[in-house]
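Just so it is clear, none of the values below were taken in a lab; they were calculated from the coordinates. Keep in mind the model is a prediction, meaning the values are calculated, not measured. Please note: Cβ atoms are built from the backbone with ideal geometry, for glycine as well, and neighbour counts cover all protein chains shown.
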Amino acid sequence: MKIATTDVETLGLRTNCVVLSMGICIFDPAQMNSFEDLVAGGTNLYFDQQAQIDAGRSKTPSTEAWWKTQGEGAAECLSNPNQIHPSTLYQVLDQRWTRNEYTQIDWFSRGPHFDIAKLDDMFNDFNITPPWKYWRVRDIRTLMDCYGMKDNRKFKKPEGMIPHNSLHDAAFDAWMMQRVLNDGANIQQYMG
């Protein structure tokens, strides 16, 4: 059984904000992959910002200012030359995975009210059916809570991880989930 983790980077907090990038990792939760392997097996989609602005999606000045304080590895989503028009989503996903691999699985995000809500709204603006079924959307935070991770203990970030890079954040969530599900008895070794 495989599942997906996804993370987005945006130009605001509102549901209708410009979505800069979407990181996706499809993986087997019963395995223990390295962070590097999860990154290599995932993908980062960069969305055409102007097309979204033309469609009426918003930007927030405070979020734009925040991006200027982030490192180069994270902020590369602002001007990545590989931006795709949202309408080409399935063409790009089909180059990476089969349609059954990504439409027939559970999609986890760190709070569906942020990531999934913004993606659903953007997809709606461009008449795109999301690649997930609404009943297959899951919350990573709830999963972690169920495994006793609600006491604010923090996982150590894997070496080479770039925070606020959507692919790295999705891979980190996958990496964390694998450790909780498969090595719970030894979870302390992963804590900061």
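Mean residue ellipticity, 222 nm, helices only, the chain: the sum of -39500 (n - 2.57) across DSSP H runs of n ≥ 4, divided by residue count and rounded to 500, is -10000 deg cm²/dmol.
I'd like to compare 75-84, 181-190, 92-101: which one has the highest average count of other Cβ atoms within 10 Å, and what's the full order after that?
The packing order, highest mean first, is 75-84, 92-101, 181-190.
Sorted into 10 angstrom bins from 0, the C-alpha pair distances of the stretch 3-190 split as 9, 37, 37, 15, 2, 0 percent.
When you count the other C-beta atoms within 10 angstrom of each residue and take the mean per peptide, 130-140, 154-164 line up highest first as 130-140, 154-164. Each Lys and Arg contributes +1 and each Asp and Glu -1, all at the Cβ; summed about the Cα centre of the chain, the dipole is approximately 420 debye.
With the charge dipole of the stretch 3-190 set up from +1 on Lys and Arg Cβ and -1 on Asp and Glu Cβ about the Cα centre, the Cα lying farthest toward the positive end among the listed residues ALA75, HIS164, TYR134 is that of TYR134. The alpha carbon gyration tensor of the stretch 84-142 gives principal lengths a ≥ b ≥ c with a/c of 1.5 or higher and a/b no greater than b/c, which makes the shape oblate. So if the hydrodynamic radius of the stretch 49-159 is defined as the Kirkwood radius over C-alpha pairs, what does Stokes-Einstein give as its diffusion coefficient at 4 °C and 1.567 mPa s, in µm² per second? Approximately 77 µm²/s, per Stokes-Einstein.
Express in whole angstrom the spacing between the alpha-carbon centres of the stretch 56-91 and the stretch 128-192. That distance is 23 Å.
Full-extension gain between GLU159 and ASN80, please, as 0.36 nm times their residue separation minus the C-alpha to C-alpha distance.
Numbers: separation 79, 0.36 × 79 = 28.44 nm, distance 2.34 nm.
Contour length minus Cα-Cα distance gives 26.1 nm.
Quote the relative contact order of the stretch 3-190 in percent (integer), defining contacts as alpha-carbon pairs under 8 Å separated by 6+ residues. Mind showing how you got there, number by number?
Details: 293 pairs, mean separation 64.9, N = 188.
Worked out over the stretch 3-190, it gives 35 percent.
Under 13 Å from the Cβ of PHE35, count the other residues' Cβ atoms, weight Lys and Arg +1, Asp and Glu -1, and hand me the total.
Details: positive: LYS156, LYS157, ARG179; negative: GLU36, ASP37, GLU159, ASP169, ASP173.
Taking every Cβ under 13 Å from that of PHE35, the sum is -2.
Under the criterion of Cα pairs below 8 Å and six or more residues apart, the relative contact order for the stretch 117-190 equals 24 percent.
Highest mobility in the GNM of the chain, judged by mean-square fluctuation with C-alpha springs under 10 Å and restricted to PHE27, PHE126, PHE35, is found for PHE126.
Taking K and R as +1 and D and E as -1, what net charge do the other residues with C-beta under 9 Å from the C-beta of ILE24 add up to?
Numbers: positive: ARG96; negative: ASP7.
Charge balance in the 9 Å sphere: 0.
Each DSSP beta bridge with both residues in the stretch 3-190 is either parallel or antiparallel, and the antiparallel ones are about 55%.
Ranking PRO112, ALA185, SER62 by how far each Cα lies toward the positive end of the dipole of the chain (charges on Cβ) leaves ALA185 at the top.
Here the spin labels are modelled as points 7 Å beyond Cα on the Cα-Cβ line, and at LEU181 and LYS68 they lie 4.2 nm apart. Between MET1 and ILE128, the simple spin-label model (points 7 angstrom out along Cα→Cβ) gives 2.8 nm. Shown is the FRET efficiency for GLN91 and LYS150, computed with R0 = 41 Å from the Cβ-Cβ distance and rounded to the nearest 0.05: 0.55.
Compute the orientation-averaged projected area for the stretch 136-192 from the convex hull of its Cα atoms and round it to one decimal in nm². It is 4.4 nm².
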